[in-house]
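Beneath this line is the structure, given in structure tokens, with notes to follow.
Throughout, read-outs are computed from the coordinates displayed, never taken from laboratory work. Being a predicted model, the structure only gives us computed values, none of them experimental. Please note: Cβ atoms are built from the backbone with ideal geometry, for glycine as well, and neighbour counts cover all protein chains shown.
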Number of protein chains: 2
Amino acid sequence: MECVNPPTFRTMGITRRQGRPDVRKRMPTIYEVAARAGVSPATVSRVFNGQNVSADKSRRVREAAETLGFTPNRVARTLRLQNSEVIALVIPDIENPFFTSLARGVEDVAQAAGYSVVLCNTDEDHEKESRYLDIALSANMAGVILAAAGDHSDLDALIRRGRPIVAVDRGPHGYDIDAVLVDSRAGGRAATEALAAQGFRRIACITGPRDVETATLRAEGWRAAVTGLRLEHDEQHLIYADFRIDGGHKAMRQLVELPTPPDAVFVANNLMGVGALQLLAERGLLPPAVGMAVFGDLPIFAPTPLAVTLVSLPARHLGVTAADLLLKRINGDDQPPRTIVLRNQIVASS
Amino acid sequence: MECVNPPTFRTMGITRRQGRPDVRKRMPTIYEVAARAGVSPATVSRVFNGQNVSADKSRRVREAAETLGFTPNRVARTLRLQNSEVIALVIPDIENPFFTSLARGVEDVAQAAGYSVVLCNTDEDHEKESRYLDIALSANMAGVILAAAGDHSDLDALIRRGRPIVAVDRGPHGYDIDAVLVDSRAGGRAATEALAAQGFRRIACITGPRDVETATLRAEGWRAAVTGLRLEHDEQHLIYADFRIDGGHKAMRQLVELPTPPDAVFVANNLMGVGALQLLAERGLLPPAVGMAVFGDLPIFAPTPLAVTLVSLPARHLGVTAADLLLKRINGDDQPPRTIVLRNQIVASS
DNA sequence: ACGATGGCAGAAATCGATTTCACCGTCAAT
DNA sequence: ATTGACGGTGAAATCGATTTCTGCCATCGT
């Protein structure tokens, strides 16, 4: 199935002109509200921040604000307070359903606590990541939830500034900060052992980039299972790919074209799982012809029962937990940093 | 396949304490840089904004900034400039791959132009949407790309303030602003006609909420095809659901359980398509047993060829185009508003 | 009756960058 | 030689809200 995004377009003329004679009205400020209500700006501020103000003035301020359509300027507020009610969520791939579920979890918790979330997509690129972390800092954001692009993120500036950070999905490499993780090593091992239990002997592994912790840990789990169970072991059966659909596809091709191809494969994330399945479908080798286990849930509707073993991940719950932790920190909790490991669960896709 | 997110977790104790004696260092400011370089703050600002400064002082300023680790404070800058290099992208469902693709397009363009994107998820909720629009305004963001949650978003404040807005995917309801759309009506009609061409006579329609433009337009397209081709027509065959997987699942169940069920169905978005397919799979009625056409690309790797007709959408391209348009507006383009309609394309999933 | 306490409110400082205004040299044009 | 223009620079105003500092007035206790 090929879908081409057509580059052509047509423009529909619209003739009525917008009634905007370039007025660009300024927003009403606290001073204008104060003037209209006959009080000082300080009083207006106090009304909006729940301080003690006489009922009479309070009412007048509210009325004035109402008729002027006043909204407090967040930028000024943030500048003065050195703090804003925004948290940054930095993730490596916004098109990966795992991360969007996670984001959803973060959002729900943050929303409920009156915080907004800004989502920053790093595309597994250190430079983009570092730019977004810079922004979080210089925009006085309240905190950061980070799924790091690699193993050497620079969090010094944020930490010096006392901004809370929670690492999620991927560990905090060298920083002693809160983290919410799944057990990649155990998951990789369990998935591989499940394949072995299904009778497969030559089990390969497709994992992510070498500098991404979850990639190496999952591969380690695979290796532990393979050597622990004394299965056949061939170094060509371990491939470092890129955690993307294409990468999984290419890696799988490489594997099936080996002189002695594996009879099963453990794939270290969901998208590469999709890629690998695509290749197997092309070659008519869909599971159970070749054994497959995937770390993560497949973004798949599988009309035919597919014999794939999954390590199911609590993506949303990961986000919820990370957000909870972060909000606690923001509200002054200063226990020593914790690492919370959520359990994964082996599921046979049926 | 059931995947349960286990609510249990265990905490791994970590003992080493963070070496943060609660110093919370302030960031260095332009004043400190100025003092260290022996110049005025104004000069420091000029150095960082490419104004005329003598080579000597410029060098001294740069050195001072370097050693102090100075980063300009974005909040202060934004307050003064009444403008920031951030654009808001407001979408109704971050878990829908259509919108994440779109977001990806927006991001790529914005990044390249030096803008950051903050992603706001409204969950099809007017209140959340209005809160995010408020934030965009009071945070002095440069512009907004909006896929509206319904047909009565309030953009008055943003427009009064002169902030550019581009509507994407869903029209700008009553505002004369730029829009980037696909032709929902034509797509709905074409999809339905394709089903008719495959020989189906009793074609149902599952669409989205009544107050979402794309939902009603796609249903209109379906109706036009059904009446145009004089197919059998039953009002019970039009169901307004919610654009989500579950909604599609329930709606499809409702349809198959009708006394005279349809022999085909046109589903107005990708997620509901997944839900509908899930139900059909449960009942052993997968296409082509029941005809199906879906508006949008299925977030699916389908291992067995599925006889589903797709109206393929240029999601990423929609985002790219909207971002281009917005950036032009931000840079002062003031042509009359344009509506750009990208073409969709009928694709037979094979 | 007098000092003490506390609630309420305004003037002014503050957050950190940008920019206007004014001033000083220097150099080219008249 | 005088005028004008222009590049470089600093002092101070500015963006809009919060908060400290201060003072006023009323209430309370003794």
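For region B:30-72, what's the relative contact order in percent, using C-alpha pairs closer than 8 Å and at least 6 residues apart?
So the answer I get is 43 percent.
Within 10 Å of each Cβ in B:142-148, how many Cβ atoms from other chains are there, averaged over the peptide?
That works out to 0 on average.
Roughly what would the spin-label model give for residue A:198 and residue A:227, points 7 Å off Cα along C-beta, in nm?
For the pair residue A:198/residue A:227, the computed spacing is 2.5 nm.
What distance in nm separates the two pseudo spin-label positions at residue B:285 and residue B:113, each 7 Å out from Cα along the beta-carbon direction?
Using points 7 Å along Cα→Cβ, the separation is 4.8 nm.
From the Cα trace of region A:245-350, what convex hull volume per residue do you get, rounded to a whole Å³?
It is 121 Å³ per residue.
Mind checking which lysines have their C-alpha under 21 Å from residue B:128, skipping anything on the same chain fewer than 8 residues away?
By straight Cα distance, residue B:128 reaches no lysines at all.
Averaged over its residues, how many other protein chain Cβ atoms are within 10 Å of peptide B:302-308's Cβ atoms?
Taking the mean over all residues of the peptide, I get 5.
To one decimal place, what Kirkwood hydrodynamic radius in Å is obtained for region B:30-72 from all pairs of distinct Cα atoms?
9.7
Return the single residue from B:314, B:305, B:288 with maximal mean-square fluctuation; model: Gaussian network over chain B, springs between Cα atoms under 10 Å.
Judging by the Gaussian network model, the answer is B:305.
To the nearest 0.05, what FRET efficiency results for residue A:151 and residue B:42 with a Förster distance of 60 Å applied to their C-beta separation?
Calculated value: 0.90.
Output the antiparallel fraction of DSSP beta bridges having both residues in the protein assembly as shown, as a percent to the nearest 5.
If we restrict to bridges inside the protein assembly as shown, about 20 percent are antiparallel.
Count, for each residue of B:70-82, the Cβ atoms from other chains sitting within 10 Å of its Cβ, then give me the mean as a whole number.
Mean number of neighbouring Cβ atoms from other chains: 5.
Which distances in nm, rounded to one decimal and ordered from shortest, link the label point of residue A:68 to the equivalent label points in the other identical copies, with labels set 7 Å from Cα toward Cβ?
3.5
Over region B:242-299, what lengths in whole Å, largest first, do the semi-axes of the equivalent ellipsoid take, defined as the square roots of 5 times the eigenvalues of the alpha-carbon gyration tensor?
For region B:242-299, the semi-axes come out at 16, 12, 10 Å.
May I ask you to report, in nm to one decimal and beginning with the shortest, the distances from residue A:289 to the same position in the other copies, taking label points 7 Å along Cα-to-Cβ?
Here the equivalent label points are 2.4 nm apart from this one.
Within region B:172-226, report the GluC sites (Glu not before Pro) that DSSP leaves as loop and that have at most 14 other Cβ atoms within 10 Å.
none
Note down the relative contact order for chain A as a percent, whole number, built from C-alpha pairs under 8 angstrom at least six residues apart.
Relative CO of chain A lands at 16 percent.
Please work out how much length the chain gains when fully extended from residue B:328 to residue B:25, using 0.36 nm per residue of separation minus the C-alpha to C-alpha distance, in nm with one decimal.
Difference between extended and current length: 105.1 nm.
Stick to Cα atoms and the Kirkwood definition of Rh, then tell me Rg/Rh for the protein assembly as shown.
Using only Cα positions, Rg/Rh for the protein assembly as shown is 1.00.
Using the eigenvalues of the Cα gyration tensor, what equivalent ellipsoid semi-axes result for chain A when each is taken as the square root of five times the eigenvalue, whole Å, largest first?
51, 25, 16
Which value at 222 nm does chain B reach when only helices count, each DSSP H run of 4 or more adding -39,500 (n - 2.57), with the total divided by all residues and rounded to the nearest 500 deg cm²/dmol?
Using -39500 (n - 2.57) per qualifying helix, the result is -12500 deg cm²/dmol.
Straight-line reach from residue B:57: which lysines have Cα under 24 Å away, leaving out those fewer than 8 places along the same chain?
Hits, sequence-local ones excluded: zero.
Find, to one decimal place in angstroms, the Kirkwood hydrodynamic radius of region A:184-312, where the mean of 1/r is taken over every pair of different Cα atoms and then inverted.
Computed over Cα pairs of region A:184-312, the Kirkwood hydrodynamic radius comes out at 13.8 Å.
Which aspartates and glutamates, if any, have their Cα less than 13 Å from the Cα of residue A:25, not counting same-chain residues under 8 positions apart?
The qualifying aspartates and glutamates are B:156.
Just in region B:223-294: which trypsin sites (Lys or Arg not before Pro) are loop by DSSP and have at most 15 other Cβ atoms within 10 Å?
Sparse-neighbourhood loop trypsin sites (Lys or Arg not before Pro): B:230, B:283.
How high is the relative contact order of region B:184-312, in percent, with contacts defined as C-alpha pairs under 8 Å that are six or more residues apart?
Normalised by residue count, the contact order of region B:184-312 is 27 percent.
Could you give, in nm with one decimal, how far residue B:332 is from each other copy of that position, shortest first, with labels 7 Å out from Cα toward Cβ?
The answer, with the shortest distance listed first, is 5.0 nm.
Calculate the FRET efficiency for residue B:127 and residue A:238 from the Cβ-Cβ distance with a Förster distance of 30 Å, rounded to the nearest 0.05.
FRET efficiency, residue B:127 to residue A:238: 0.05.
What value does region B:209-282 have for Rg/Rh, both radii from Cα atoms and Rh as Kirkwood defines it?
With Rh from the inverse mean 1/r over Cα pairs, Rg/Rh is 0.95.
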